[in-house]
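This report concerns only the one structure given below.
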Amino acid sequence: MDFVGNRRWFFIISALIIVAGLVSILIPPSFRIGIEFTGGSALSLSFSDRIDHEEVRLVLQGFGHDQALVQGLSGNAVLIRTRTLEGAQTDNATSNSSQSERQRIEKALEERFSPITTSELFAVSPIIAKETIRNAGIAVAIAALAILLYITWAFRLVPNSFRMGGAAIIAATHDVLVVLALFSILGKFFNIEINAMFITGILTVVGYSVHDTIVVFDRIRENTERKASRDLGTTI
């Protein structure tokens, strides 16, 4: 396939995804945020018999807690971390109170497994603070500058080596924008949330993007030195 000759089509596809994603990001909420970013409730439960953590997640999904975190504790205890649980609702007309979300979840778990011996509920703060995200952004910016300088030096014998470094940064920025755009769109239409692994994924995308670009640039440099073709597109 002539990737270079058909590059305008690839540019158009990327532009459509990124523009659609930026529009989606501008429409609140930009992303569906997981509980690692927002905080929520932590429910500590102990059962009389052994339980299966995957089946606990299935029960929670029935209550709309698809992103709940289930962690096993000692014995038959489990820690459930999820968005803030709703309290009991009171009907002012009849003065009747409905069960709280915590009560409904515990009842469903008891029906599925065994009686709950102890139960504790407490609020939890976000695992990922805004400061962590800000520090990650600063680290990426510093790394981008270092990459620009490294590629400029490594390809110093190639004409316009500084432009190659700039192209690597643009390519990495493009890849990150595509991922952000897709997750913003998926969050609005398919309720896909971003969590702690999303930050790891973004940093991984940056790393592999730069790595792949350097490999391609190095091959282009070799072909240029060999004078494989006078046409730059053919060389690429």
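The values are calculated or read from the model by the stated rules, or taken from the named source; none is laboratory data. Note that the structure is predicted; figures quoted are calculated from it, not measured. No Cβ is skipped: glycine too gets one built from the backbone with ideal geometry, and neighbour counts run over all protein chains shown. Heads up: the accessible areas ignore ligands, DNA and RNA and are worked out on the full protein's heavy atoms, side chains in. Shrake-Rupley method; radii C 1.70, N 1.55, O 1.52, S 1.80 Å.
Of all residues in the stretch 97-126, those being touching a Ser or Thr at 6+ places or on another chain (Cβ under 7 Å), outside any strand (DSSP E or B) and either open to solvent by less than 40 Å² (accessible area, probe 1.4 Å) or under 30 Å from residue 203 (Cβ atoms) (or both) number 3. Please specify each residue of the stretch 127-152 satisfying the condition of being touching a helix residue (DSSP H, G or I) at 6+ places or on another chain (Cβ under 8 Å), open to solvent by 80 Å² or more (accessible area, probe 1.4 Å) and without any contact (Cβ under 8 Å) to a residue 60 or more places away in the chain. Answer for the stretch 127-152, where residues must be touching a helix residue (DSSP H, G or I) at 6+ places or on another chain (Cβ under 8 Å), open to solvent by 80 Å² or more (accessible area, probe 1.4 Å) and without any contact (Cβ under 8 Å) to a residue 60 or more places away in the chain: 149, 150.
Can you give me the number of residues within the stretch 155-179 that are among the basic types (Lys, Arg) and in a helix (DSSP H, G or I)? Final tally of qualifying residues: 1.
Cβ-Cβ contacts under 7 Å between residues 6 or more apart (or on different chains), taken from a first residue in the stretch 163-186 that is free of Cβ contacts under 8 Å to residues at least 12 places away in the same chain to a second residue that is open to solvent by 60 Å² or more (accessible area, probe 1.4 Å), are listed as 186/192.
For the stretch 20-37, the criterion of a residue being without any contact (Cβ under 8 Å) to a residue 40 or more places away in the chain, within 22 Å of residue 187 (Cβ to Cβ), open to solvent by 60 Å² or more (accessible area, probe 1.4 Å) and among the β-branched types (Val, Ile, Thr) is satisfied by at least one position. For the stretch 44-91, which positions are more than 28 Å from residue 183 (Cβ to Cβ) and assigned to a strand (DSSP E or B)? Correct list: 44, 45, 46, 47, 72, 77, 78, 90, 91. Among the residues of the stretch 180-232 satisfying the criterion of being small (Gly, Ala, Ser) and in a helix (DSSP H, G or I), which is surrounded by the most Cβ atoms within 10 Å (Cβ to Cβ)? Step by step, filter the stretch 180-232, then rank; the result is 184. What about residue 170, is it over 26 Å from residue 33 (Cβ atoms) and either surrounded by fewer than 14 Cβ atoms within 10 Å (Cβ to Cβ) or at pLDDT 85 or above (or both)? Yes: the conditions hold for residue 170.
Condition first: touching an Asp or Glu at 6+ places or on another chain (Cβ under 7 Å) and not basic (Lys, Arg). Now tell me which residues in the stretch 96-141 satisfy that. Selection gives 100, 101, 113, 114, 116, 119, 126, 127, 128.
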